[in-house]
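Taking it in order: structure first as structure tokens, then the write-up.
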Amino acid sequence: MPGQAQDVIEQFWRIQDEGDYTKLAPLFAEDAVVEDPVWGTYRGRDAILSFMTKMVEEMGNRKITFTVDEICGDDHACWARWTLHSPEGTRGGCGIYKVAGGQLTYYRDYMDPPAGE
């Protein structure tokens, strides 16, 4: 049965679909950690907000969008399978998330290699 973590991640994806990743920052706990396979690790809400600000520009410039394909979670943890869309094609990936007190405490993405690798 879906729980609090899944509710938070469903909200995360609704916000992300709007394209302004900076609006995601309030979903993160003050001491949250984000690990991105391309851009590195960010610790704390302020660092995560800076990262999300950079992502608004980078994803816009590169014409990259994401769609969520599936979300599954309980009260404490969640995963989401997603697809990256770009002018070069699509790539699959997944995110793993930990939630406590209604806020994200940990988020890490994993991404399939580009086609042909």
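The values are calculated or read from the model by the stated rules, or taken from the named source; none is laboratory data. Please read all numbers here as calculations on a predicted model, not as lab measurements. Quick reminder, even Gly has a Cβ in these numbers, built from the backbone with ideal geometry, and neighbours come from all protein chains shown. Note: areas computed on protein heavy atoms with side chains; ligands, DNA, RNA excluded. Shrake-Rupley method; radii C 1.70, N 1.55, O 1.52, S 1.80 Å.
Within the range 30-59, the set of residues being among the aliphatic types (A, V, I, L, M) and touching a helix residue (DSSP H, G or I) at 6+ places or on another chain (Cβ under 7 Å) comprises Ala32, Val34, Ile48, Leu49, Met52, Met55, Val56. Test Asp69 against the criterion of being touching a Pro at 6+ places or on another chain (Cβ under 7 Å) and either aromatic (Phe, Trp, Tyr) or part of a strand (DSSP E or B) (or both), and give yes or no. Against the criterion (touching a Pro at 6+ places or on another chain (Cβ under 7 Å) and either aromatic (Phe, Trp, Tyr) or part of a strand (DSSP E or B) (or both)), Asp69 does not qualify.
Condition check ((1) within 14 Å of the chain's Cα centre (by Cα); (2) part of a helix (DSSP H, G or I)) across all residues:
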site: Gly19; (1), (2): yes, no
site: Ala32; (1), (2): yes, no
site: Ile48; (1), (2): yes, yes
site: Met52; (1), (2): yes, yes
site: Glu58; (1), (2): no, yes
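Of all residues in the range 68-82, those that are without any contact (Cβ under 8 Å) to a residue 24 or more places away in the chain have Cβ atoms under 7 Å from Cβ atoms of residues that are surrounded by 14 or more Cβ atoms within 10 Å (Cβ to Cβ) and among the polar types (S, T, N, Q), 6 or more apart or on another chain, in Asp69/Thr83. Listed by first and then second residue, the pairs with beta-carbon distance under 6 Å, at least 6 apart or on different chains, first residue in the range 89-103 and within 14 Å of Gln6 (Cβ to Cβ) and buried (at least 17 other Cβ atoms within 10 Å of the Cβ), second among the acidic types (Asp, Glu) and at pLDDT 95 or above, are Gly95/Asp109. Of the residues making up the range 38-46, one or more are outside any strand (DSSP E or B), modelled with pLDDT of 95 or more, open to solvent by less than 40 Å² (accessible area, probe 1.4 Å) and more than 21 Å from Gly3 (Cα to Cα). Here Val34 clears all of (1) out of contact with any Lys or Arg (no Cβ under 7 Å at 6 or more places or on another chain); (2) open to solvent by 20 Å² or more (accessible area, probe 1.4 Å); (3) more than 14 Å from Ala77 (Cα to Cα) except the condition numbered (2).
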